[in-house]
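Can you keep this structure in mind? I'll have questions shortly.
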Number of protein chains: 4
Amino acid sequence: MSLLVTLTALLSGPDQPGLVARVSGKIFEQGGNILHADQHRDMEEGVFFQRIEWEPRNPQTLQEESDSFVVFAKALGMTARVSSSVHRTRVALFVSKEDHCFHDLVLRWKAGEYIADLVAIISNHEIIAQAAHSYGLPFYYFPFESGIQGKQKAEALQLKLLKSLNVELVVLARYMQVLSADFLNFLGKPVINIHHSFLPAFAGGKPYHQAHERGVKLIGATAHYATEQLDEGPIIQQDVVRVTHRHGVPDLVRKGRDLEKTVLAQAIRWHLESRVLVYGHKTVVFD
Amino acid sequence: MSLLVTLTALLSGPDQPGLVARVSGKIFEQGGNILHADQHRDMEEGVFFQRIEWEPRNPQTLQEESDSFVVFAKALGMTARVSSSVHRTRVALFVSKEDHCFHDLVLRWKAGEYIADLVAIISNHEIIAQAAHSYGLPFYYFPFESGIQGKQKAEALQLKLLKSLNVELVVLARYMQVLSADFLNFLGKPVINIHHSFLPAFAGGKPYHQAHERGVKLIGATAHYATEQLDEGPIIQQDVVRVTHRHGVPDLVRKGRDLEKTVLAQAIRWHLESRVLVYGHKTVVFD
Amino acid sequence: MSLLVTLTALLSGPDQPGLVARVSGKIFEQGGNILHADQHRDMEEGVFFQRIEWEPRNPQTLQEESDSFVVFAKALGMTARVSSSVHRTRVALFVSKEDHCFHDLVLRWKAGEYIADLVAIISNHEIIAQAAHSYGLPFYYFPFESGIQGKQKAEALQLKLLKSLNVELVVLARYMQVLSADFLNFLGKPVINIHHSFLPAFAGGKPYHQAHERGVKLIGATAHYATEQLDEGPIIQQDVVRVTHRHGVPDLVRKGRDLEKTVLAQAIRWHLESRVLVYGHKTVVFD
Amino acid sequence: MSLLVTLTALLSGPDQPGLVARVSGKIFEQGGNILHADQHRDMEEGVFFQRIEWEPRNPQTLQEESDSFVVFAKALGMTARVSSSVHRTRVALFVSKEDHCFHDLVLRWKAGEYIADLVAIISNHEIIAQAAHSYGLPFYYFPFESGIQGKQKAEALQLKLLKSLNVELVVLARYMQVLSADFLNFLGKPVINIHHSFLPAFAGGKPYHQAHERGVKLIGATAHYATEQLDEGPIIQQDVVRVTHRHGVPDLVRKGRDLEKTVLAQAIRWHLESRVLVYGHKTVVFD
């Protein structure tokens, strides 16, 4: 909503005395005005995390200042990622047949909630094509031929497209294909996924049927970064909704859909605002 | 809170046309006034469930009316359990070292929240003894000698005590021993347990450490009827609380404790008010 | 989701013994199979409420059976409203400039969540016209000329349209005009409204600014039936979301929008499924 | 839980460039190790807020370092309050007849959740006396004689006691007397209060009866700093719980009690951990 031009750095690395002072001192010396700064220490692991946002003195040299900050952080033994508030992240949405997250995200984007460009809607089904076009969005159809080779072929084409479009974030908005380890490695960009969650967890297919059979009182959804281990990547956001015996499987599915929409939308917002730092199997979310 | 003398029946059995009419007709014919009635049908399984509460014409013959209702239900092919609003359920609390659920339940009971008598506080540790006595509650200490035999011996003594006290409900208020299948069978009374829950679930020890390591954003608690399968019995109530990276393991443990208190207290209330029907692996809760 | 043809009655009236038995007996005698029945008694006021859903023996005579049930209820001193599961309620959406509830409701309707027909999108602004058309929905523009007379004129035209379309439910999906008492009286159909809610409540304009200034930790939304007293009609559903000092006014507005969507969508679902009974200033929601 | 000796400063004042760098630089120069630092800017008002926690080089000179920090902050135009992790805040609990918050807070304190000393239980009724004594806590009874003079007299005695005990925090744990403006001024220490909240808000007596009559779907509780305007002080924490038409007034009261316990307990924790900064009518809570 703000027209302020700011830079935001996400830093992490081994903890050491004086980090807060050094980082803020560096920005101050260069004439920057720190707007927000949030630190966290993982005491068990001895790791330091920081999100720091500042107004640079010269908005014309954002790239230079970003690069210089990364170099400075490296000298402190830290890893840093710097992004500017005017950068529009290039996002690709992957969808299959279920379109609730797709519509929700596109409408939020059209309403100006995300500083991002939706550069591609990608699907293994053609069903979304018309809706994508009615929103004026480019739609790409990659059918999967059967077998491992069919998957490899489709993924190779997807990767080529994503690279050519300079995609910076992939969102799996109920995309019902598991991305291969190779795909994730070659892509080299963050991928956010959404899936249902239950207490207790259920393995195998038809999870809502299992949840109904088990009489769970809460159903949940989890947004996470995709890794090779399906549904096991670092968690960004989770939420639950209450259900009773009066809710049949279709009700559970419907309530699950509503939950998936809000949880995924929130996770994407946090990612785009440079609020999520990943380390090990988990995230630090500076909300 | 009410001084009304009422009877409440929990019925279940194969669905058939006319059940609601027959049950309510029966009560009406006997001069009863139905106060609440709640039905549920499990469409997949073809099972009918009902909770029905009524004021009997003659409060002096509660037992006869209860017995007669059970016979009536049997003739319809249904199982019924009838309880009266003036019956004080005899409850035994099992506790180990952690006393948060113990204090919470005792204070609720002292505040008049439960129509029940606390007839025994049972522990495998002596640590709770003094607090139990200061509340004026009978405390029983059953230490566990090592090995299977030690457990069998302690359980045999516990069973003897529970039988002699006519205990009707056992509450495991953070009791850190797994009850054997034999114990549950011989007891033949409902046992309510409370345990932590996570999305995703964690197997093995130190679950809060695992949850912290995995960076979960929600921690939960589940109250359920105890069965031979530990933590797998029919779920009565569940709830969650939000956590962030700022919360260390001690914070997770503390938040988990608060959750366990409220979830267990609610499950016990529903049980005592005859609101919980068990079937298969799940419950119908008429809240 | 179900293809079952059922009838659902909502009954209310002075409490008297035998009501449950009489109502269920009546349905049973006519060969109906009761699927769900839920009763409530307001003890203070001595009023009986029931929602009862049944499969009629003959799905060809739904109207006759409905009419006969209403007559039967009247003879018991009760008011009844009966609707069938295959009836598609005719709904008109009123919108002003903010379109988040509009899109959310239309997409739910297109996804088959509502047994209803969207027969009119009505607005005092032209801004929604294009979106309505892209969904294939009829859009009606009623600008308000200034003054009381302008309002009267616009309302008269709206009423004429609503009558001609046989509208059965009006939904104010962020419609920023207060409906006059005359409009509500002449319409004679339920009107559901959504508005923000806070603890504490704020009078006057710019409520999100006031909430921010006051540092509230929760913001809420309330869906209610519209009455002459603005924002004072019987409450159908409420929910809240947590905010912190880190959230500026635009964040509060955005979070409020998300809340308004889900709260309004739920209230409409309950209304369409004949789950809401109004009496006095409040509702009984048989969820 | 931690045995670390740390200092925590809460700073606020007019925003100016370089504040983060100057504050962290000052601590670093003195050999301190910053563990946590959290900043916030109120953009509308141009105010800067910070909570910063550090390990001082010399744990023997906590007072000197605290004093020196306050002087340093003043030179920057900031107000600072510094507290140490080993300081046990001296707390007085005010109670009337309802004892649920009293028991909950005492049990948390006994369980080691609060770094604080409970130095006085103060009441205008004798009903709590025995429970206080059984916990080994000093109980003071201040009955209110009728009229303004009775109140002035009781408050004067209370103030004398609080001063003599060096009380640093007063908690109104369901204390049903309004503290006078004079009392608050002479005390000069923070007072935390808990009260119920509703959407919409209800003026006048018997709020739970009013909420029931209005058919609200949520009831809430708010913990805030007491000011002359009853129930109008800066909000620290709020929460809500869902209710339905099935809940009578006693259920609403019971659910309200549970909510009051957790909301008040959380507010006190945040206050004791120096996480709450007050400005104007609101708080910044660094949770």
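Looking at (1) within 14 Å of chain C (Cβ to nearest Cβ); (2) open to solvent by less than 40 Å² (accessible area, probe 1.4 Å); (3) hydrophobic (A, V, I, L, M, F, W, C), find the lone condition where B:MET43 falls short.
For B:MET43, the failing item is (2).
Moving to a separate point now. Can you tell me which of (1) more than 10 Å from chain A (Cβ to nearest Cβ); (2) assigned to a strand (DSSP E or B) is the one D:ILE52 doesn't meet?
Only one criterion in (1) more than 10 Å from chain A (Cβ to nearest Cβ); (2) assigned to a strand (DSSP E or B) is unmet by D:ILE52, namely (1).
Quick one: B:GLU213 ticks every box in (1) under 23 Å from B:LEU118 (Cα atoms); (2) open to solvent by 20 Å² or more (accessible area, probe 1.4 Å); (3) within 14 Å of chain A (Cβ to nearest Cβ) bar one, so which box is it?
Only one criterion is unmet by B:GLU213, namely (1).
So how many residues does segment C:28-40 have that are more than 7 Å from chain B (Cβ to nearest Cβ) and under 24 Å from C:LEU4 (Cα atoms)?
The qualifying residues number 4.
Quick check on D:GLN229: is it assigned to a loop (DSSP other than H, G, I, E, B) and away from chain C (no Cβ under 14 Å)? Can you show your working first?
Values: assigned to a loop (DSSP other than H, G, I, E, B): yes; away from chain C (no Cβ under 14 Å): no.
Criteria not met by D:GLN229.
Report, by residue number, each residue of segment B:225-241 that is within 16 Å of B:HIS212 (Cα to Cα) and crowded, with 22+ Cβ neighbours inside 10 Å.
Answer for segment B:225-241, where residues must be within 16 Å of B:HIS212 (Cα to Cα) and crowded, with 22+ Cβ neighbours inside 10 Å: just B:VAL240.
Might you check whether a residue that is hydroxyl-bearing (Ser, Thr, Tyr), crowded, with 18+ Cβ neighbours inside 10 Å and part of a strand (DSSP E or B) occurs anywhere in segment A:16-24?
So far as segment A:16-24 goes, no, none of its residues is hydroxyl-bearing (Ser, Thr, Tyr), crowded, with 18+ Cβ neighbours inside 10 Å and part of a strand (DSSP E or B).
Determine whether B:LEU105 is buried (at least 18 other Cβ atoms within 10 Å of the Cβ), within 30 Å of D:VAL106 (Cβ to Cβ) and touching a helix residue (DSSP H, G or I) at 6+ places or on another chain (Cβ under 7 Å).
Taking the combined requirement at face value, the residue satisfies it.
Consider B:VAL106 against the criteria (1) in contact with a strand residue (DSSP E or B) (Cβ under 6 Å, 6 or more places away or on another chain); (2) within 26 Å of D:GLU98 (Cα to Cα); (3) β-branched (Val, Ile, Thr): it satisfies all of them except one. Which criterion is unmet?
Evaluating B:VAL106 over (1) in contact with a strand residue (DSSP E or B) (Cβ under 6 Å, 6 or more places away or on another chain); (2) within 26 Å of D:GLU98 (Cα to Cα); (3) β-branched (Val, Ile, Thr) leaves (1) as the failure.
Still on this structure: Might you check whether a residue that is open to solvent by less than 80 Å² (accessible area, probe 1.4 Å) and of a type in the set (Val, Ile, Thr) occurs anywhere in segment A:127-145? Even if it seems obvious, please write down each step before you answer.
Quick first cut of segment A:127-145, residues open to solvent by less than 80 Å² (accessible area, probe 1.4 Å) only: A:128-129, A:131-132, A:135-140, A:142-144.
Those left that are additionally of a type in the set (Val, Ile, Thr): A:128.
Taking every residue of segment A:127-145 in turn, at least one turns out to be open to solvent by less than 80 Å² (accessible area, probe 1.4 Å) and of a type in the set (Val, Ile, Thr).
Against the conditions (1) in contact with a Ser or Thr (Cβ under 8 Å, 6 or more places away or on another chain); (2) aliphatic (A, V, I, L, M); (3) modelled with pLDDT of 95 or more, where does A:LEU199 fall short? Just the number, please.
All conditions are met except number (3).
Which residues, counting only those in segment B:240-282, are assigned to a strand (DSSP E or B) and over 22 Å from B:LEU93 (Cα atoms)?
Keep residues of segment B:240-282 that are assigned to a strand (DSSP E or B), which gives B:240-242, B:276-279, B:282.
Scanning segment B:240-282 gives B:VAL240, B:VAL241, B:ARG242, B:TYR279, B:LYS282.
Something else now. If you take the residues of segment C:1-15 that are hydroxyl-bearing (Ser, Thr, Tyr) and touching a Leu at 6+ places or on another chain (Cβ under 7 Å), which of them is least open to solvent (accessible area, probe 1.4 Å)?
Ranking the candidates gives C:THR6 first.
Please determine whether any residue of segment D:7-17 is at the interface with chain A (Cβ under 8 Å from one of its Cβ atoms), farther than 30 Å from D:ALA129 by Cα and more than 22 Å from the chain's Cα centre (by Cα).
So in segment D:7-17, the residues at the interface with chain A (Cβ under 8 Å from one of its Cβ atoms) come out as D:17.
Among the residues that remain, those that are also farther than 30 Å from D:ALA129 by Cα are: D:17.
After this cut, where a residue has to be more than 22 Å from the chain's Cα centre (by Cα) as well, the list is D:17.
Yes - at least one qualifying residue is present in segment D:7-17.
Please state which one of A:VAL71, A:VAL86 is free of Cβ contacts under 8 Å to residues at least 24 places away in the same chain and not in a strand (DSSP E or B).
A:VAL71
Okay, moving on. Looking at the structure I just gave you, is D:LEU179 within 17 Å of D:ALA92 (Cβ to Cβ), open to solvent by less than 20 Å² (accessible area, probe 1.4 Å) and away from every other protein chain (no Cβ under 14 Å)?
yes
Okay, moving on. Can you name the residue in segment C:232-241 that is within 13 Å of the chain's Cα centre (by Cα) and more than 7 Å from chain D (Cβ to nearest Cβ) and, of all such residues, is nearest to C:ARG269 (Cα to Cα)?
Of everything passing the filter in segment C:232-241, C:ILE236 is nearest to C:ARG269 (Cα to Cα).
Would you call D:THR244 within 8 Å of another protein chain (Cβ to nearest Cβ), among the hydroxyl-bearing types (Ser, Thr, Tyr) and buried (at least 21 other Cβ atoms within 10 Å of the Cβ)?
In short, no.
While we're on this one: Which one of these does A:PRO250 not meet: (1) open to solvent by 30 Å² or more (accessible area, probe 1.4 Å); (2) more than 9 Å from every other protein chain (Cβ to nearest Cβ)?
(2)
Same structure again: Of all the helices (runs of 4 or more DSSP H) wholly in segment B:101-219, which have at least 1 residues that are in contact (Cβ under 8 Å) with a residue 12 or more places away in the chain and over 22 Å from the mean Cα position of the chain (by Cα)?
It comes to B:129-134, B:147-164, B:207-214.
What about A:LEU62, is it more than 11 Å from chain D (Cβ to nearest Cβ), under 26 Å from D:ASP287 (Cα atoms) and either part of a strand (DSSP E or B) or of a type outside the set (D, E, K, R) (or both)?
Values: more than 11 Å from chain D (Cβ to nearest Cβ): yes; under 26 Å from D:ASP287 (Cα atoms): no; either part of a strand (DSSP E or B) or of a type outside the set (D, E, K, R) (or both): yes.
In short, no.
I'm told B:GLN39 meets every condition in (1) under 21 Å from B:SER12 (Cβ atoms); (2) touching a residue at least 40 places away in the same chain (Cβ under 8 Å) except one. Can you identify the failing condition by its number?
The number of the failed condition is (2).
With the requirement that a residue be within 10 Å of chain B (Cβ to nearest Cβ) and not small (Gly, Ala, Ser), what does segment A:196-210 give you?
Within segment A:196-210, A:HIS196, A:PHE198, A:LEU199, A:PRO200, A:PHE202, A:HIS209 qualify.
Which condition does A:GLY31 not pass, out of (1) among the small types (Gly, Ala, Ser); (2) at pLDDT 95 or above; (3) loosely packed, with under 15 Cβ neighbours inside 10 Å, if it passes all the others?
Single failed check for A:GLY31: (2).
Can you confirm whether B:GLU64 is surrounded by fewer than 17 Cβ atoms within 10 Å (Cβ to Cβ), out of contact with any helix residue (DSSP H, G or I) (no Cβ under 9 Å at 6 or more places or on another chain) and not hydrophobic (A, V, I, L, M, F, W, C)?
So B:GLU64 fits the description; yes.
May I ask you to verify whether C:ALA80 is more than 9 Å from every other protein chain (Cβ to nearest Cβ), under 25 Å from the mean Cα position of the chain (by Cα) and not in a strand (DSSP E or B)?
It is false that C:ALA80 is more than 9 Å from every other protein chain (Cβ to nearest Cβ), under 25 Å from the mean Cα position of the chain (by Cα) and not in a strand (DSSP E or B).
If you don't mind, there's one more thing I want to ask. Kindly indicate whether C:PHE286 is touching a Lys or Arg at 6+ places or on another chain (Cβ under 6 Å), aromatic (Phe, Trp, Tyr), at negative phi and modelled with pLDDT under 95.
yes
Would you say B:ALA73 is assigned by TED's automatic domain parsing to the domain that holds B:ASP15, touching a Lys or Arg at 6+ places or on another chain (Cβ under 8 Å) and within 28 Å of B:LEU35 (Cβ to Cβ)?
For B:ALA73, the condition - assigned by TED's automatic domain parsing to the domain that holds B:ASP15, touching a Lys or Arg at 6+ places or on another chain (Cβ under 8 Å) and within 28 Å of B:LEU35 (Cβ to Cβ) - is not met.
Take the residues in segment D:85-100 that are hydrophobic (A, V, I, L, M, F, W, C) and buried (at least 18 other Cβ atoms within 10 Å of the Cβ); name whichever of them is farthest from the chain's Cα centre (by Cα).
So in segment D:85-100, the residues hydrophobic (A, V, I, L, M, F, W, C) come out as D:86, D:91-95.
Next, from what is left, pick out any that are buried (at least 18 other Cβ atoms within 10 Å of the Cβ): D:91-95.
Values: D:VAL91: 10, D:ALA92: 11, D:LEU93: 11, D:PHE94: 13, D:VAL95: 15 Å.
If we take residues in segment D:85-100 being hydrophobic (A, V, I, L, M, F, W, C) and buried (at least 18 other Cβ atoms within 10 Å of the Cβ), then D:VAL95 is farthest from the chain's Cα centre (by Cα).
I'm checking my understanding of the structure. Among residues of segment A:260-287 that are among the aliphatic types (A, V, I, L, M) and within 12 Å of chain B (Cβ to nearest Cβ), which one is surrounded by the most Cβ atoms within 10 Å (Cβ to Cβ)?
Filtering first and then ranking leaves A:ALA267.
The values are calculated or read from the model by the stated rules, or taken from the named source; none is laboratory data. Note that the structure is a prediction, hence the values are computed from the model and not measured. Virtual Cβ from ideal backbone geometry, glycine too; neighbours counted across all protein chains shown. For accessibility, only protein heavy atoms count, side chains too; no ligands or nucleic acids. Shrake-Rupley method; radii C 1.70, N 1.55, O 1.52, S 1.80 Å.
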